[in-house]
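The structure appears right after this line, and notes come after that.
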Amino acid sequence: MLFDIRTIVGSLLACYGVILIVVSLSYDSEFQRMKTGGIDINLWAGIGMAVVGLAFFAWVRLRPVREAVTVVDDDA
């Protein structure tokens, strides 16, 4: 389960989301708000990325990867 691509993508999205949330809460610039029309884009993008990262983790937990089972026919 560790090397499932969903785990890697989910962890990257969640980490980048947390970083953007921390940056938006610690660094407030009026110039940045003017560029985006008054929206704190770092906060909203961070929340979105964190939610999608958590959705990937939920997907991994709810639908784990199973090994393929081969059936051998002894009658042949």
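The values are calculated or read from the model by the stated rules, or taken from the named source; none is laboratory data. No experiment lies behind these values; they were computed from the predicted model shown. Counting neighbours? That spans all protein chains shown, and the Cβs are built from the backbone with ideal geometry, glycine included.
Structural remarks
- Within region 9-54, restricting attention to residues that are in a helix (DSSP H, G or I) and out of contact with any helix residue (DSSP H, G or I) (no Cβ under 9 Å at 6 or more places or on another chain), the residue that is modelled with the highest pLDDT is S26.
- In this entry, A76 is excluded by the filter for residues that are among the aliphatic types (A, V, I, L, M), assigned to a helix (DSSP H, G or I) and either at pLDDT below 90 or closer than 20 Å to I5 by Cα (or both).
- Tabulated pairs, region 9-33, first farther than 11 Å from I47 by Cα, second in a helix (DSSP H, G or I), C-beta under 6 angstrom, 6+ apart or interchain: V9/F56; G10/G53; G10/F56; G10/F57; V23/N42
- Residue in region 50-64 that is loosely packed, with under 10 Cβ neighbours inside 10 Å and aromatic (F, W, Y) present: no
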